[in-house]
Amino acid sequence: MTYSTKDIPATGLPACWKSPSNIALIKYWGKLDGQIPANASLSITLGNAYTVTRVSASLHDTPGSGPEVEFRFEGEVNLSFSSRINTFLKSITGHFQYLPDVKLSIESGNSFPHSAGIASSASGMSALALCLCAIEAQLQGNETGTPGFYEKASSIARIGSGSACRSVYGGITVWGKHSDVPGSSDEYAVPLHFDPHPLFSGLRDTILIVDPDEKKVSSSVGHGLMKGHPFAASRFAQAAKNLSELLVALKSGNWQVFASLVENEALSLHAMMLASDPWFILMHPNTLLIINKIEEFRKQTGAKVCFTLDAGPNIHLLYPEEEANRVATLIESLKLYCFNEKVIEDSVGEGPKQLTCR
Ligand code: DP6
């Protein structure tokens, strides 16, 4: 649908969204040109770790030559984030008729500290994509929050960062075409097509911060290492099979199967990096120590608790709400092996929210 940017008020068209981070249970690791994933992935959207982004679009002095961007992160000019956002906006200009005609003022901030070891690209890119789509919806006179709105926001977020496309929905989401997931697409994520077993409805994620430093390998380098990787084909097949089996476990509430698949995915992700050329060891000695402690605790108590890892050393401890008391003792004993005893409490969240712009 075409629309005119001439009607943009002098004060600008604002949009403000809060969007969460997510943690993958079936990992996206390896991609094709155009941000197309080599395999389908599945994640839970978090609740407490989120980005709030406010965008205001005003008419450019020379319409057609934009977008011009002014970006502030937590009130400060941030050159490295600005350059990533400029590259992103250039790559998506063709998807929004209004972008060449506007100046964008973007302000963003996270609910979690930069040194928390939480990837901010998923929450940041999804919040920005939602704002850009909300401005378009205003110009078109459309509602935000329709299924088509989220589909486009997810697809735009994907261009910024693959995993970000899974953050536009709450609960459990799937990105990448998979025969067991109706409507699934390589271009955008979809919410899980069934209600998971109640065991998973309040799933907790306690993030054990072993090392808060920046990632040793950027995601783009990591994905690139899967090109020509000797185990690439079997890894992509394994992910597809793990996703099929995880769907069954999510439906039936089979914790044992859930836990073994989730841990297999985390360790397979790290195994790919160990076997890459050049290789990367992204775990910290304490990561291994904690994994062994989790395994011991589980054997002793039979508690429903398991772990997953991102492309880094920090551990996401996953457990159902009903296990919270028992797992609290495990967490206390593991703090010793964390950086400054740091842990972040999170759980499956409801997804992005549009905020009133101030
Ligand atoms: C290990 O989404 O950060 O977290 O598309 O290059 O931005 P880009 O990569 P990114 O990769 C995430 C990798 C992962 C697994 C996952 O989230 O599925």
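The values are calculated or read from the model by the stated rules, or taken from the named source; none is laboratory data. Just so it is clear, the structure is predicted and the values come from calculations on it, not from any experiment. Please note: Cβ atoms are built from the backbone with ideal geometry, for glycine as well, and neighbour counts cover all protein chains shown. In case anyone asks, the SASA skips ligands and DNA or RNA and just uses the protein heavy atoms, side chains included. Shrake-Rupley method; radii C 1.70, N 1.55, O 1.52, S 1.80 Å.
When the residues of segment 150-185 are filtered to those that are closer than 20 Å to residue 93 by Cα and over 14 Å from the mean Cα position of the chain (by Cα), the one that is most open to solvent (accessible area, probe 1.4 Å) is 151. When segment 218-245 is filtered for residues that are in contact (Cβ under 8 Å) with a residue 60 or more places away in the chain, under 24 Å from residue 180 (Cβ atoms) and assigned to a loop (DSSP other than H, G, I, E, B), only 226 remains. Search segment 167-191 for residues being closer than 24 Å to residue 317 by Cα and either modelled with pLDDT under 95 or hydroxyl-bearing (Ser, Thr, Tyr) (or both), and hand back the single one that is farthest from the ligand (Cβ to nearest atom). Result: 169.
Looking only at segment 129-149, filter to residues that are of a type in the set (Gly, Ala, Ser) and touching a strand residue (DSSP E or B) at 6+ places or on another chain (Cβ under 8 Å); which one of those is least open to solvent (accessible area, probe 1.4 Å)? Show your work before the answer.
Step one: of segment 129-149, the residues of a type in the set (Gly, Ala, Ser) are 129, 134, 137, 141, 145, 148.
Then keep just the ones that are touching a strand residue (DSSP E or B) at 6+ places or on another chain (Cβ under 8 Å); that gives 134, 145.
On the way: 134: 1, 145: 41 Å².
Result: 134.
All told, residue 313 falls short of being more than 16 Å from the ligand (Cβ to nearest atom) and not charged (D, E, K, R).
Any idea which residue in segment 330-358 is farthest from residue 226 (Cα to Cα), counting only those that are open to solvent by 60 Å² or more (accessible area, probe 1.4 Å) and part of a strand (DSSP E or B)? The qualifying residue farthest from residue 226 (Cα to Cα) is 354. Would you pick out the residues in segment 204-220 that are aliphatic (A, V, I, L, M) and more than 12 Å from the ligand (Cβ to nearest atom)? Within segment 204-220, 207, 208, 209, 210 qualify.
Looking at segment 273-297 only, could you name the residues that are assigned to a helix (DSSP H, G or I) and either over 22 Å from residue 258 (Cα atoms) or in contact (Cβ under 8 Å) with a residue 12 or more places away in the chain (or both)? Walk me through how you get there before you give the answer.
Initial filter on segment 273-297 (assigned to a helix (DSSP H, G or I)): 273-274, 285-297.
Once the filter is applied, which keeps residues that are assigned to a helix (DSSP H, G or I) and either over 22 Å from residue 258 (Cα atoms) or in contact (Cβ under 8 Å) with a residue 12 or more places away in the chain (or both), segment 273-297 yields 273, 274, 285, 286, 287, 289, 290, 291, 293, 294, 297.
Name every residue in segment 24-48 that is more than 7 Å from the ligand (Cβ to nearest atom), more than 18 Å from residue 241 (Cβ to Cβ) and surrounded by fewer than 24 Cβ atoms within 10 Å (Cβ to Cβ), in order of residue number. Within segment 24-48, 32, 33, 34, 36, 47, 48 qualify. Residue 85 satisfies every condition listed in (1) within 16 Å of the ligand (Cβ to nearest atom); (2) at pLDDT 95 or above except (2). Look at (1) modelled with pLDDT of 95 or more; (2) within 23 Å of residue 173 (Cα to Cα); (3) of a type outside the set (A, V, I, L, M) and you find that residue 312 fails only one, number (1). Scanning segment 8-23 for residues that are more than 10 Å from the ligand (Cβ to nearest atom) and either outside the structural domain of residue 100 (by TED's automatic domain parsing) or among the hydrophobic types (A, V, I, L, M, F, W, C) (or both) yields 8, 10, 13, 15, 16, 17.
Results for (1) in the same structural domain as residue 336 (by TED's automatic domain parsing); (2) touching a Leu at 6+ places or on another chain (Cβ under 8 Å); (3) under 30 Å from residue 327 (Cβ atoms), shown as yes or no for each residue.
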| position | (1), (2), (3) |
| --- | --- |
| 119 | no, no, yes |
| 146 | no, no, no |
| 151 | no, no, no |
| 154 | no, no, no |
| 159 | no, no, no |
| 164 | no, no, yes |
| 174 | no, yes, yes |
| 208 | yes, yes, yes |
| 223 | yes, no, no |
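Would you say residue 180 is closer than 27 Å to residue 291 by Cα and in contact with a helix residue (DSSP H, G or I) (Cβ under 9 Å, 6 or more places away or on another chain)? In short, no. From the list 153, 119, 129, 164, the one residue that fits, being among the small types (Gly, Ala, Ser), within 16 Å of the ligand (Cβ to nearest atom), part of a loop (DSSP other than H, G, I, E, B) and touching a residue at least 12 places away in the same chain (Cβ under 8 Å), is 119. Restricting attention to segment 43-97, the residues that are over 25 Å from residue 154 (Cβ atoms) and in a strand (DSSP E or B) add up to 7.
Within segment 287-329, the set of residues being open to solvent by less than 60 Å² (accessible area, probe 1.4 Å) and more than 22 Å from residue 268 (Cα to Cα) comprises 297, 301, 302, 303, 320, 323, 324, 327, 328.
Conditions tested, residue by residue: (1) within 16 Å of the ligand (Cβ to nearest atom); (2) of a type outside the set (D, E, K, R).
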site: 193; (1), (2): no, yes
site: 196; (1), (2): no, yes
site: 202; (1), (2): no, yes
site: 222; (1), (2): yes, yes
site: 226; (1), (2): yes, yes
site: 229; (1), (2): yes, yes
site: 241; (1), (2): no, no
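Tallying residues that are of a type in the set (A, V, I, L, M) and touching a Gly at 6+ places or on another chain (Cβ under 9 Å) within segment 56-80 yields 2.
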